[in-house]
Amino acid sequence: MTLIQAIVIAILQGATELFPVSSLGHAVIVPALLGWVVDPSGDMFLPFLVMLHLGTAIALLVFFWKDWAAIARGISGRDGSQRQAESIHIVALLVVATIPAVIIGFLLEHWLRTLFGTARFAAIFLFLNGLLLLLTERIKARQSMTEGGAIASLTYADAAIIGLWQCAAFFPGISRSGATIIGGLFRNLNHEGAARFSFLMAQPVIFAATVREAMHLRHVAVPQGQMQLAAIGAVVAAITALASTAFLMRYFHNHEKWALSPFAYYCLAVGAACFFYLGR
């Protein structure tokens with residue numbers, strides 16, 4: 001992997017992990033379009049992948065540190081018993097929402113990514129991701145416009161359903177953030193609330209993936225140059241993820257009625273174009 005390739009892939013990871021356009025799908029499609037010989041499942045790519053995920057997770061932690069600090073303060077009881085119960089409830093919601101991905105990922109993730117890991121399959125699922133986003137916006141537009149509920153208003157059943165939506169991202173081309181935002185919208189959150197819950201969910205998931213991937217490094221001899229590229233990639237991914245999160249939270253706050261539509265059209269266009277181009 002060259003320095004340019006490392007920077008491009010890091011920017012893709014930092015942006016597409018949060019934008020509802022599928023980081024995994026882009027990681028499969030873009031190298032294929034550019035003719036790069038990059039194997040995301042190979043041993044030599046593993047340290048790079050670990051550092052990209054670490055950089056993204058740290059960026060999310062930095063952006064949402066006030067949320068986590070408020071939750072920790074609430075749990076401590078310094079803000080009263082009602083706030084304490086609400087903070088504990090939010091943490092429990094995040095745990096419940098994470099469980100489906102842990103179970104289904106352990107059982108099916110490797111099989112799904114092996115079966116559907118080609119660039120053309122990723123293009124198909126990217127197109128389907130666009131359809132899901134667009135269909136969700138059309139359904140929500142036909143419902144009466146009411147103020148979305150707060151995250152604390154979710155039930156454990158709501159959190160489990162959002163967690164099941166997250167599992168769709170095991171298919172390369174289906175966005176994790178997009179799927180969880182869709183799940184949140186259907187559980188009566190508005191776009192900003194659904195995005196916030198999605199990004200809070202992402203942090204333990206990404207950290208867990210980083211730890212799991214790092215465990216495999218015990219059996220891999222990593223060249224020194226590869227670790228330097230991985231460190232550069234982590235910094236680039238972190239900066240990109242931080243900027244992406246700041247943009248998206250402001251964007252979802254200001255575009256409640258049609259927030260997912262531009263991403264839907266992007267996925268539809270890119271998915272269809274890549275499918276036909278890669279099939280030449």
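The values are calculated or read from the model by the stated rules, or taken from the named source; none is laboratory data. All of these numbers come straight from a predicted model, not from anything done at the bench. Positions of Cβ are backbone-derived with ideal geometry, glycine not excepted, and every protein chain shown enters the neighbour counts. Each accessible area value is taken on the protein alone, full model and side chains, heavy atoms only, with ligands, DNA and RNA left out. Shrake-Rupley method; radii C 1.70, N 1.55, O 1.52, S 1.80 Å.
Worth pointing out:
- Gain on full stretching of the segment that runs from GLN82 to ILE99 - 0.36 nm per residue minus C-alpha separation: 3.5 nm
- FRET efficiency, 1/(1 + (r/R0)^6) with R0 41 Å, evaluated for ARG280 and PHE186 via beta carbons: 0.60
- In degrees, nearest ten, helix 65-76 long axis to first principal axis of the chain (Cα): 50
- Shape call, segment 225-268: gyration tensor on alpha carbons, a/c limit 1.5: oblate
- Applied to segment 134-140, the Karplus parametrisation 6.51 cos²θ - 1.76 cosθ + 1.60 on θ = phi - 60° returns per-residue 3J(HN,Hα) values of 5, 4, 4, 5, 5, 5, 5 Hz, with x for Gly and Pro.
- Most mobile of SER76, SER22, SER87 in a GNM of the chain (Cα contacts under 10 Å): SER76
- Farthest toward the positive end of the dipole of the chain, out of THR210, ASN254, THR98, is the Cα of ASN254, where the dipole comes from beta carbon charges about the Cα centre.
- Cut-off 11 Å between beta-carbons: net charge of the residues surrounding ILE151, Lys and Arg +1, Asp and Glu -1: -2
- With at most 16 neighbouring Cβ atoms within 10 Å, loop chymotrypsin sites (Phe, Trp or Tyr not before Pro) (DSSP) excluded, longest segment of the chain: 37-257
- The fraction of accessible area contributed by carbon and sulfur in the chain is 69 percent, rounded to a whole number (1.4 Å probe; ligands and nucleic acids excluded).
- Only one residue of GLY271, HIS191, ALA221 has its Cα farthest out toward the positive end of the dipole of segment 188-280, where Lys and Arg carry +1 and Asp and Glu -1 on Cβ, and that residue is ALA221.
- In terms of its C-alpha gyration tensor, segment 104-175 has an oblate overall shape, because the principal axis ratio a/c (a ≥ b ≥ c, square roots of the eigenvalues) is not below 1.5 and a/b does not outweigh b/c.
- Subtracting the Cα-Cα distance of LEU135 and ILE4 from 0.36 nm times their residue separation leaves 43.5 nm of extension gain.
- In this structure, PHE106 and ALA157 have a Cβ-Cβ separation that, at R0 = 25 Å, corresponds to a calculated FRET efficiency of about 0.65.
- The magnitude of the dipole of the chain, with charges of +1 and -1 set on the Cβ of Lys/Arg and Asp/Glu and taken from the Cα centre, is near 240 debye.
- Of every Cα-Cα pair in segment 3-278, the percent that sits beyond 34 Å: 17
- Rough spin-label spacing in nm, given labels placed 7 Å along Cα→Cβ, for TRP65 and LEU115: 4.3
- What segment 3-278 shows is 47 Å² of accessible area per residue, with the surface traced by a 1.4 Å probe over protein heavy atoms.
- Choice from LEU112, LEU189, LEU61 with maximal GNM fluctuation in the chain (Cα, 10 Å cutoff): LEU112
- Stokes-Einstein diffusion coefficient of segment 160-273, Kirkwood radius over Cα pairs, 10 °C, 1.306 mPa s, in µm²/s: 98
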